[in-house]
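**Q** Sharing a structure, written as structure tokens. Questions coming.
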Amino acid sequence: MHHFDYRAGVMHAEGLPLTTIAERVGTPFYCYSTATLERHYRVFKESFSMDDMLVAYSLKANSNLSIVRTLSNLGAGADIVSEGELRRALAAGIAPDKIVFSGVGKTQTEMSFALDTGIYQFNVESEPELELLSGIAEQKGQVAPIALRVNPSIDAGTHEKIATGRSEDKFGIPWNRARNVFDHARNLPGVKVVGIDVHIGSQITDLGPFEAAFSKTADLVRSLRAAGHDITRLDLGGGLGIAYAREDEAPPHPNQYAEMIGRVTKGLDVQLIFEPGRVIVGNAGILVARIVYIKQGDTRRFVILDAAMNDLIRPALYDAHHDILPVIEPAPSAAFSLFDVVGPVCETGDTLARDCELPSLESGDLVAVMSAGAYGAVQASEYNSRPLIAEVLVRGQDMAVIRERRTYEDMLAADRIADWLE
Ligand code: LLP
């Protein structure tokens, strides 16, 4: 469900035609819908019946301050993985006691900053991290609240590059060492173990792997408690997938996800924490681009856009599918044919979609790359010296530029000519 629809033959973001936004900010640009964002947050949150839960929006999916503020206004907390994300969460208005800090490589400076901030929980992923955190907290005269992230050795059945719960992955504490690490953590002066954390991957479209991982983790809660550990929180990570293609994909509805979790965690009496990213913001954003050329190759036809892999790297990196739709609605009688939709970057990998069914289009026409709200803008780069593009947030008929397009001057300003070259 989203609010990017054709109205009177033009795709709108809520009440605004994309053509109007393109005139105002130029192309390409990311465009987000407030109503979609709010709806997705509410649907997720309201799928669960318990009062005591924390929905910690995973900033890595989209960390624009206006996006985070929109969610913070609805009561969301934050899942962060760096000091940069922590600073963004705070700047957007999220209270420190709603922030959890995940990630395998937290540095001493980052931990220190997070301790000074007074965040809700550190999700600790290894023994060395545990020792370091305990030491820093002790020096500050603090006791850091921690969950230990365990690796349940479960394949989430998602793309290879975004599966995180297999024993060969870098994430979490190996299952067979988990008990010992919990016992050890209990004796460290600078940490207090309050929970267990598990996250097995992203864009997971089948409940099976989630259920397997969560059941294992629920068993661990019971056995740790039997051994005298005071486990009061269970962080179940993020990972719930979304539909990228219009038809053949049917990820579970948050209701089904919540029903399964209710069943698996029944009677545990823990606070549940969630770290959803994509399911909140994925379908709340699109990338709008203009066609530069239509090119006839030897065997294939190309639609060449002014947006490229540096703006949206998901197709190149994960073979991800994004629907691409013309902004002007095709007539019912329009004939569709197959095109490869590509960008101007000098790599064959700069292909946003292969064999995309499109009506006949011309240079200057606009297209919308759908479902680009998560892991789109945040993964953009200035490869090929293409400045980062604008981001726009729509609410009803209002729009705000929530990130300015970088200028060429901005782009060049950070470089220096080495003094011996002057
Ligand atoms: N919690 C942890 C510990 C994570 O590592 C992640 C995602 C999340 C929560 C949020 O997962 P989500 O609900 O968004 O699936 N760039 C890739 C996805 C990388 C996901 C990394 N971790 C992509 O574009 O598909």
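The values are calculated or read from the model by the stated rules, or taken from the named source; none is laboratory data. Computed from a predicted model, the values in this text were never measured in an experiment. Here Cβ is always computed from backbone atoms with ideal geometry, including for glycine, and neighbour counts include all displayed protein chains. Note: areas computed on protein heavy atoms with side chains; ligands, DNA, RNA excluded. Shrake-Rupley method; radii C 1.70, N 1.55, O 1.52, S 1.80 Å.
**Q** Looking only at residues that are surrounded by 21 or more Cβ atoms within 10 Å (Cβ to Cβ) and β-branched (Val, Ile, Thr) in the stretch 202-220, which one is farthest from ASP235 (Cα to Cα)?
**A** Once the filter is applied, the top-ranked residue is ILE204.
**Q** Out of ILE280, ILE286, report the one residue that is buried (at least 16 other Cβ atoms within 10 Å of the Cβ) and not in a strand (DSSP E or B). Reasoning before the result, please.
**A** Values: ILE286 fails: not in a strand (DSSP E or B).
Of the residues listed, the single one that is buried (at least 16 other Cβ atoms within 10 Å of the Cβ) and not in a strand (DSSP E or B) is ILE280.
**Q** I'm trying to understand the selection: among the residues of the stretch 76-102, which are crowded, with 24+ Cβ neighbours inside 10 Å and within 12 Å of the ligand (Cβ to nearest atom)?
**A** Result: ALA78, ASP79, ILE80, VAL100, PHE101, SER102.
**Q** Right, GLU125: closer than 30 Å to ASP319 by Cβ and either within 16 Å of the ligand (Cβ to nearest atom) or of a type in the set (D, E, K, R) (or both) or not?
**A** Details: closer than 30 Å to ASP319 by Cβ: yes; either within 16 Å of the ligand (Cβ to nearest atom) or of a type in the set (D, E, K, R) (or both): yes.
Yes: the conditions hold for GLU125.
**Q** Is it fair to say SER58 is surrounded by 16 or more Cβ atoms within 10 Å (Cβ to Cβ) and either under 17 Å from the mean Cα position of the chain (by Cα) or within 24 Å of ARG177 (Cβ to Cβ) (or both)?
**A** Yes.
**Q** Here is a further query. Scan the stretch 372-422 for residues that are more than 15 Å from MET309 (Cβ to Cβ) and among the aromatic types (Phe, Trp, Tyr) and jot them down.
**A** TYR408, TRP420
**Q** I've got another one for you. Do we find a residue being within 14 Å of the ligand (Cβ to nearest atom), in contact with a Pro (Cβ under 7 Å, 6 or more places away or on another chain) and either open to solvent by 30 Å² or more (accessible area, probe 1.4 Å) or of a type in the set (Gly, Ala, Ser) (or both) anywhere in the stretch 289-309?
**A** No: the stretch 289-309 contains no residue that is within 14 Å of the ligand (Cβ to nearest atom), in contact with a Pro (Cβ under 7 Å, 6 or more places away or on another chain) and either open to solvent by 30 Å² or more (accessible area, probe 1.4 Å) or of a type in the set (Gly, Ala, Ser) (or both).
**Q** If you don't mind, there's one more thing I want to ask. Only residues that are within 11 Å of the ligand (Cβ to nearest atom) and in contact with a strand residue (DSSP E or B) (Cβ under 7 Å, 6 or more places away or on another chain): list them for the stretch 148-170, please.
**A** Correct list: ARG149, ALA156, THR158, ILE162, ALA163, THR164, GLY165, ASP169.
**Q** What are the pairs, 6+ residues apart or on separate chains, where a residue within the stretch 407-418 that is under 14 Å from PRO387 (Cα atoms) and in contact (Cβ under 8 Å) with a residue 24 or more places away in the chain has its Cβ under 6 Å from a residue that is in a loop (DSSP other than H, G, I, E, B) and of a type outside the set (Asp, Glu)?
**A** MET411/PRO387
**Q** Something else about it: Is one or more of the residues making up the stretch 231-242 basic (Lys, Arg) and open to solvent by less than 40 Å² (accessible area, probe 1.4 Å)?
**A** yes
**Q** Scan (1) among the hydrophobic types (A, V, I, L, M, F, W, C); (2) within 14 Å of the ligand (Cβ to nearest atom); (3) open to solvent by 20 Å² or more (accessible area, probe 1.4 Å) for the single condition ALA227 breaks and write down its number.
**A** Unmet for ALA227, out of (1) among the hydrophobic types (A, V, I, L, M, F, W, C); (2) within 14 Å of the ligand (Cβ to nearest atom); (3) open to solvent by 20 Å² or more (accessible area, probe 1.4 Å): (2).
**Q** Write out, first by first residue and then by second, each pair whose Cβ atoms fall under 9 Å of each other, whose residues are 6+ apart or on separate chains, and whose first residue, in the stretch 203-221, is touching a residue at least 40 places away in the same chain (Cβ under 8 Å) while the second is part of a helix (DSSP H, G or I) and open to solvent by 50 Å² or more (accessible area, probe 1.4 Å).
**A** LEU207/GLN256; GLU211/ARG263; LYS216/TRP175; LEU220/TRP175; LEU220/ARG179
**Q** Right, here's the next one. Just to be sure I understand, how many residues within the stretch 171-188 are of a type in the set (Val, Ile, Thr) and either within 14 Å of the ligand (Cβ to nearest atom) or open to solvent by 30 Å² or more (accessible area, probe 1.4 Å) (or both)? Please lay out each step first, then the result.
**A** So in the stretch 171-188, the residues of a type in the set (Val, Ile, Thr) come out as 173, 181.
Those left that are additionally either within 14 Å of the ligand (Cβ to nearest atom) or open to solvent by 30 Å² or more (accessible area, probe 1.4 Å) (or both): 173.
So the count comes out to 1.
**Q** Here's a follow-up. What is the number of the single condition among (1) within 16 Å of the ligand (Cβ to nearest atom); (2) touching a Lys or Arg at 6+ places or on another chain (Cβ under 6 Å) that VAL194 does not meet?
**A** For VAL194, the exception is condition (1).
**Q** Is it true that ILE67 is within 15 Å of the ligand (Cβ to nearest atom), buried (at least 19 other Cβ atoms within 10 Å of the Cβ) and not assigned by TED's automatic domain parsing to the domain that holds SER381?
**A** Numbers: within 15 Å of the ligand (Cβ to nearest atom): yes; buried (at least 19 other Cβ atoms within 10 Å of the Cβ): yes; not assigned by TED's automatic domain parsing to the domain that holds SER381: yes.
Criteria met by ILE67.
**Q** Inside the stretch 141-151, can you point out the residues that are surrounded by 22 or more Cβ atoms within 10 Å (Cβ to Cβ) and not aliphatic (A, V, I, L, M)? So that I can check it myself, show each step before the final result.
**A** Here is the first cut: in the stretch 141-151, the ones surrounded by 22 or more Cβ atoms within 10 Å (Cβ to Cβ) are 144, 146-151.
Within the stretch 141-151, ARG149, ASN151 qualify.
**Q** What residue, among those in the stretch 249-277 that are part of a helix (DSSP H, G or I) and more than 15 Å from the ligand (Cβ to nearest atom), is surrounded by the most Cβ atoms within 10 Å (Cβ to Cβ)?
**A** Looking only at the stretch 249-277, we keep the residues that are part of a helix (DSSP H, G or I), and these are 254-264.
When the remaining residues are screened for being more than 15 Å from the ligand (Cβ to nearest atom), the result is 255-256, 259-260, 262-264.
Working: ASN255: 13, GLN256: 13, GLU259: 16, MET260: 17, GLY262: 14, ARG263: 12, VAL264: 19.
The extreme case among them is VAL264.
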